[in-house]
Amino acid sequence: MASQPILFSGVQPTGGGIMLGNYMGAIRNWVKLQDSYNCLFCVVDLHAVTVRQEPARLRELSYRNAASYIACGIDPERSLVFMQSHVPAHAELAWLLTCNTWMGELSRMTQFKDKSAKGENIGTGLFTYPSLMAADILLYQTKIVPVGQDQKQHLELARDLAIRMNNTYAAKAKEPLLTVPDVYIPPVGARIMSLSDPLKKMSKSDDDPAGTVFLMDTDAEIEKKFKRAVTDSMNRIAVSDEQPGVKNLLTIQSVITGESPEACAAALEGQGYAKLKGRTAELVIETLRPIREKVHQLMDDKTYLDGVLKRSAEAASARAEKTISRVKEAMGFVTR
Ligand code: TYM
C-alpha cells in the first residue's frame, strides 16, 4: 500500500449532507480507485466554515460525512478517513500557499463568484478557500484527486501552486518540494443536475430541496423527487442537450447500471416519461437504501467512528509533517 500513488479527496459537511451528485461525481469513484491507490479521504470541515455554520449541525454533519464515506464502501482499514481540523498542518500549509497565491487567480474562481453573489458579508476565507484546498492536496504529495466537474478550476490552481512553490523555493533541489497532482473526473456523472432545474447543478446547499436527492432521504422521498423531476414536452427518451432533464435522468441511470446513457435510453424506447422517472427512482432507491442503513448504524456507534478518525488523523499528521517541515525549511524558516 505504501508504495502505491497517493489519492486525496473530500466532501464538505454542509447543507443537507452528502447528496447524489457527490456520490456519483466523487465518492463512487473513490471506492473504485481505493485498491490501486494509497488513499486519504477527508471531511473538509475547515472549508465548511467559510460560510456561517450552526455549530451543532456542523458537528453532526461532520460525523455523518465520515460515516457516509464508510457506508459507501471506503474501507477504513486500508484508507484514512479523517477530519481536516484534526490535522493542523492543513491550515499551516494553507497560509504558506496563500502567501504565494495571487489575488487575480482567486478572483477568477467561479465558485467564489457564485457563492459571494449570494451573501452580503463575505468572509475572506471564502476568497482564499482554493489555497486551503490546494494545501489539502499538496500536503500529502498527492498524485490523483477524484472530483466532479465543478472542482476542475480549483485543481488547476493546486497544480499551478505546486509548480510555483517548486520553482520558487526548490529550483535546485534534487526532488521537487510538492508533487503536481492530476485531476480525475469521471466520464459520466461528473455533473449531476438539479431535478427541479436541470440547467443548474445538483447541490447540497440548494434553497429548493426538491432538486436534490440526499443520501439520507427515505425511499418515499426519493420516489417523490423523481416523480416531480422537471423534463420537457418533447415526449422522447433520448440523450440530447435540448432535453437536459431527460439527459440527467439517463445519466443517473448510466452511472448506476454501467450502461451508456444511450443504451439506457434505448432500453426505454417507446415508453413515456413516467416510466423513465420510475425506473430512475427505482435504481437510485436500490443503490442508496443499503448505504443509508449503514450510515444509521455507524452514527449509533460513535466510539467506532471516533476510533477511525483518531487513528487516521494520527497517520495523516505524521505524513503531513514531513511536507510541512520541508516547505518551511525551503522557505527559510528556522528549524526547530
Ligand atoms: P463539495 O463538498 O462541494 O463536493 C464534493 C464532491 O462532489 C462533487 N460534486 C458533484 N459531482 C457531480 N455532480 C454534482 N452536482 C456535484 N456536486 C458536487 C464535487 O466536485 C466534489 O468532488 N472544494 C471541495 C471540497 C474539497 C476538496 C479538497 C476536494 C476541499 N479540499 C481537496 C478534493 C480535494 C468541495 O467544495 O466539494
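The values are calculated or read from the model by the stated rules, or taken from the named source; none is laboratory data. Small disclaimer: the values here were computed from a predicted structure and weren't measured. Every residue, glycine as well, gets a Cβ built from its backbone with ideal geometry; the counts of neighbours run over all protein chains shown. Each accessible area value is taken on the protein alone, full model and side chains, heavy atoms only, with ligands, DNA and RNA left out. Shrake-Rupley method; radii C 1.70, N 1.55, O 1.52, S 1.80 Å.
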Search the range 109-132 for residues that are free of Cβ contacts under 8 Å to residues at least 40 places away in the same chain and pair each with any residue that is β-branched (V, I, T) when their beta-carbon atoms are under 6 Å apart and the residues are at least 6 apart or on different chains. S116/I122; T128/T98; S131/T98; S131/T101
Among (1) over 20 Å from T218 (Cα atoms); (2) more than 9 Å from the ligand (Cβ to nearest atom); (3) of a type outside the set (S, T, N, Q) - the single one G17 does not satisfy: (1)
Search result, residues across the range 43-54 that are near the ligand (Cβ under 9 Å from one of its atoms) and open to solvent by 20 Å² or more (accessible area, probe 1.4 Å): L46
If the requirement is being of a type outside the set (S, T, Y) and either closer than 18 Å to D150 by Cα or out of contact with any Pro (no Cβ under 6 Å at 6 or more places or on another chain) (or both), which of these qualifies: L7, L61? L7
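Residues are listed down the side, and each one gets a yes or a no for (1) crowded, with 18+ Cβ neighbours inside 10 Å; (2) not hydrophobic (A, V, I, L, M, F, W, C):
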{"residue": "L139", "(1), (2)": "yes, no"}
{"residue": "N166", "(1), (2)": "yes, yes"}
{"residue": "A171", "(1), (2)": "no, no"}
{"residue": "P176", "(1), (2)": "no, yes"}
{"residue": "P198", "(1), (2)": "yes, yes"}
{"residue": "K204", "(1), (2)": "yes, yes"}
Scan the range 264-277 and tell me whether some residue there is buried (at least 19 other Cβ atoms within 10 Å of the Cβ), closer than 21 Å to Y23 by Cβ and basic (K, R). yes
Would you confirm whether any residue within the range 22-42 is touching a residue at least 40 places away in the same chain (Cβ under 8 Å), within 10 Å of the ligand (Cβ to nearest atom) and closer than 21 Å to T128 by Cβ? yes
Of residues in the range 167-206 being β-branched (V, I, T) and in a loop (DSSP other than H, G, I, E, B), the one nearest to K115 (Cα to Cα): I192
Assess whether R164 counts as being of a type in the set (D, E, K, R), within 11 Å of the ligand (Cβ to nearest atom) and modelled with pLDDT of 95 or more. no
Going by the conditions given, is A171 assigned by TED's automatic domain parsing to the domain that holds L276 and either among the hydrophobic types (A, V, I, L, M, F, W, C) or under 25 Å from G15 (Cα atoms) (or both)? no
Taking the range 207-257 and keeping only residues that are open to solvent by less than 20 Å² (accessible area, probe 1.4 Å), in a helix (DSSP H, G or I) and free of Cβ contacts under 8 Å to residues at least 60 places away in the same chain, one is left with G211, F226, G245, V246, N248, L249, L250, Q253
Spans of helices (runs of 4 or more DSSP H) in the range 1-120 with at least 1 residues more than 18 Å from the chain's Cα centre (by Cα): 55-72, 89-98, 103-107, 110-118
